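The values are calculated or read from the model by the stated rules, or taken from the named source; none is laboratory data. Quick caveat: nothing in here was measured; it's all calculated off a predicted structure. Don't worry about glycine lacking a Cβ; one is built from the backbone with ideal geometry, like all the others, and counts go over all protein chains shown.
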Amino acid sequence: MQRVVSRLDALVLFVTIVAIPVALWGAFLHAPTEQTMGAVQRIFYFHVPSAIMAYVAVVVLLGSSIVYLSRRDLAWDDLSKAATEVCLLFCTLVLITGPIWAKPAWGTWWTWEARLTSTLVLEILLIAALMVRRYAGNRDLGARLAAIIGITIAADVYVVHKAVDWWRGMHPEVFKAGNRGSLDERMTSVLFICMGAMFLLCITLIRLRYRTARIETRTEALRLERLD
Amino acid sequence: MKTVGFWRAAWLVARKDLQLEWRTFDALAASVVFAVVVLLVFQFAVGGGPARQLSADALVPGVLWLAISFSSVVGIARSMDVERRGDTLAGLFRAPIDRGAIYAGKLIANAVRIALLEVILVPLAIVFFNASLGGAWLELIFVLALCSFGLCALGTLFGAIVSRVGRGEALLSTLLLPASTPLLLAGVTATGALFRGDGLASVSRWLGMAAGFGLLYFFVALATFEYVLEE
């Protein structure tokens, strides 16, 4: 009998549970208040890591989709399903935290700028991928179609970003070369702590969702076996 | 025969619909996502950017590309619906031909359909909005062909996917329209330049992007189309 949560998973989960309060402490207490934007800037310690984790999940989605199509092992489809859902979660976080910050900082909730637009497109396409998966009558068909959409999503988000960037650009460049010195040292360290905590959260969620998807797949296989 | 009253019956039907909706969330989720897609497409077609003034020349490119995007969704969904009803895609899949050829064939048919649509649509838009093209007809045809190719390259792939899961235009627009935002931007920008009297040289990188977009998805679709058709 295989364990539902392996030792490694339990360890990662434990570290994540410790890391999240540390990140909260860093973002709300340790980091200094930003001079021009004030307290609202603190949301950036969650916004930026969430955005990067959404990209991490997209990379997992792309990889697992390609491997699934070539090997046809449903385990890879379970991974790609997990990556899609976790990516949607982080994408939603980005789309919620972004406007909260943008209203006081830019004076507007939303602007049709490259990163905002590509994030919104990513969100819509992820929802569409989940819909296709759900509407497909059988598991294999849903897995194949979702894998194709997964591959196009990864390519598309990059192209959308480039295109809107040409059209107009306005997003603050945090890590632009030469801009590095402008960020307070404590702010940088807190950002990296939050990045680490979010990364742990991201892989924990993908791992756990992958595990439950594996169990769902096996249960479904057993059910079909019984029916035959 | 005793029957329930009008309002009682109406209430029962409404309750049944809402219960179904509550359990599945299908129609609501699909229509909310579609509404966001419409906002997105309209923004890039007519809101903000270089097309801020609402003169005819600034408005026509946006309206034109909105019409092309939405009608291509309808056209592609219809053509796939025909295949679905007769289950003819399965027949094509069993035929001893390259699966890429099936994709290419459907792409050509969709492209011809959109081209015919544009032949009617473009003069109408120019007449209705009283815009002037200043003789740049060949350039306009080139821009339309380039961007429509990209739209069909991706649309044919997504159309086949949507037809396999048995959903119509709403799901196809949810997939195709956000994904083809770059084409919409390229089309609106390049067409706008022509209506303003600027040459194509001023928008060359947009044309390059539209071509790249079309080729990228053409090859992605060639490589993956067989997985869509597979039983």
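Out of curiosity, is B:Asp87 over 20 Å from the mean Cα position of the chain (by Cα), over 25 Å from B:Ala170 (Cα atoms), surrounded by fewer than 19 Cβ atoms within 10 Å (Cβ to Cβ) and not hydrophobic (A, V, I, L, M, F, W, C)? No; evaluated as a whole, the condition is false for this residue. Reported count of residues in region A:133-166, each being surrounded by fewer than 24 Cβ atoms within 10 Å (Cβ to Cβ), at the interface with chain B (Cβ under 8 Å from one of its Cβ atoms) and either polar (S, T, N, Q) or not in a helix (DSSP H, G or I) (or both), is 2. Applying the set (1) outside any helix (DSSP H, G or I); (2) within 14 Å of another protein chain (Cβ to nearest Cβ); (3) not basic (Lys, Arg) to B:Gly134 leaves exactly one unmet item: (2).
Among the residues of region A:87-132, the ones that are in a helix (DSSP H, G or I) and either among the hydrophobic types (A, V, I, L, M, F, W, C) or within 9 Å of chain B (Cβ to nearest Cβ) (or both) come to 31 in all.
A single member of A:Leu69, A:Leu74, A:Leu61, A:Leu93 is surrounded by fewer than 24 Cβ atoms within 10 Å (Cβ to Cβ) and within 21 Å of A:Ile124 (Cα to Cα), and it is A:Leu93.
Filtering B:Val73, B:Val38, B:Val60 for residues that are within 22 Å of the chain's Cα centre (by Cα) and at pLDDT 90 or above leaves a single hit, B:Val73. Counting only residues that are over 18 Å from the mean Cα position of the chain (by Cα) and modelled with pLDDT of 65 or more, how many does region A:169-193 have? So the answer is 8. On the given criteria, is B:Gly208 of a type outside the set (Val, Ile, Thr), on the phi < 0 side of the Ramachandran plot and more than 10 Å from chain A (Cβ to nearest Cβ)? So B:Gly208 passes the test.
Does region B:176-194 hold any residues that are farther than 20 Å from B:Leu107 by Cα and either more than 23 Å from the chain's Cα centre (by Cα) or within 11 Å of chain A (Cβ to nearest Cβ) (or both), and which are they? The answer is B:Leu185, B:Ala186, B:Val188, B:Thr189. From the list B:Val203, B:Val162, B:Val220, exactly one residue is more than 10 Å from chain A (Cβ to nearest Cβ) and buried (at least 18 other Cβ atoms within 10 Å of the Cβ). Which is it? Among B:Val203, B:Val162, B:Val220, only B:Val203 is more than 10 Å from chain A (Cβ to nearest Cβ) and buried (at least 18 other Cβ atoms within 10 Å of the Cβ).
Of all the criteria given as (1) in contact with a Leu (Cβ under 7 Å, 6 or more places away or on another chain); (2) more than 27 Å from A:Glu185 (Cα to Cα); (3) touching a residue at least 40 places away in the same chain (Cβ under 8 Å), the one not satisfied by A:Ile66 is (1).
Filter region A:18-47 down to residues that are within 19 Å of the chain's Cα centre (by Cα) and of a type in the set (Gly, Ala, Ser) and give me whichever is surrounded by the fewest Cβ atoms within 10 Å (Cβ to Cβ). The selected residue is A:Ala19.
The lone criterion from (1) within 12 Å of another protein chain (Cβ to nearest Cβ); (2) on the phi > 0 side of the Ramachandran plot left unmet by B:Gly197 is number (1).
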